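The values are calculated or read from the model by the stated rules, or taken from the named source; none is laboratory data. The structure displayed is predicted, hence computed values, not measured ones. Cβ: placed from backbone, ideal geometry, glycine included. Neighbour counts: every protein chain shown.
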Amino acid sequence: MPISQDLLEILACPACKAKVELKPDGSALKCVECRRVYPIRDDIPVMLVDEAKIEPEGADEQAEQKIE
Ligand SMILES: [Zn+2]
């Protein structure tokens with residue numbers, strides 16, 4: 001478990017200050033608002049707008065439905 005729930009609650013998207021959630025595969029953090037995906041390198045989330053990728057609409061709809 002590389003990223004703890006406590007850490008997730010502290011982290012926020014640097015672009016829009018919304019919360020981020022762990023991707024189902026644990027490889028990255030995704031902003032719930034702007035859909036930027038922040039990579040995790042060596043167990044450390046890279047919370048930089050320049051490093052983020054914007055996930056296409058509907059790319060992981062199933063995962064989101066599971067959360068809601
Ligand atoms: Zn955001």
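Going by the conditions given, is Ile44 within 11 Å of the ligand (Cβ to nearest atom) and modelled with pLDDT under 95? Give the steps one after another, and end with the answer.
On the way: within 11 Å of the ligand (Cβ to nearest atom): no; modelled with pLDDT under 95: yes.
Spelling it out, it is not the case that Ile44 is within 11 Å of the ligand (Cβ to nearest atom) and modelled with pLDDT under 95.
Return the pairs, sorted by first residue and then second, in which the second residue is β-branched (Val, Ile, Thr) and near the ligand (Cβ under 8 Å from one of its atoms), the first residue lies in region 4-20 and is free of Cβ contacts under 8 Å to residues at least 60 places away in the same chain and outside any loop (DSSP other than H, G, I, E, B), the beta carbons are less than 9 Å apart, and the residues are 6+ apart or on different chains.
Leu8/Val20; Ala12/Val20; Lys19/Val32; Val20/Val32
Name the single residue, out of those in region 9-21 being within 7 Å of the ligand (Cβ to nearest atom) and either in contact with a His (Cβ under 6 Å, 6 or more places away or on another chain) or of a type in the set (A, V, I, L, M) (or both), that is nearest to Ile54 (Cα to Cα).
We begin by selecting, within region 9-21, every residue within 7 Å of the ligand (Cβ to nearest atom); these are 13, 15-16, 18.
Then keep just the ones that are either in contact with a His (Cβ under 6 Å, 6 or more places away or on another chain) or of a type in the set (A, V, I, L, M) (or both); that gives 15, 18.
Values: Ala15: 12, Ala18: 14 Å.
In this case the residue turns out to be Ala15.
Could you list, in sequence order, all residues of region 22-34 that are within 14 Å of the ligand (Cβ to nearest atom) and either at pLDDT below 95 or aliphatic (A, V, I, L, M) (or both)?
Step one: list which residues in region 22-34 are within 14 Å of the ligand (Cβ to nearest atom), which gives 28-34.
Ala28, Leu29, Val32 - these are the residues of region 22-34 that are within 14 Å of the ligand (Cβ to nearest atom) and either at pLDDT below 95 or aliphatic (A, V, I, L, M) (or both).
I need the full set of residues from region 15-34 which are buried (at least 17 other Cβ atoms within 10 Å of the Cβ) and farther than 18 Å from Ser4 by Cβ, in order please.
Selection gives Cys31 alone.
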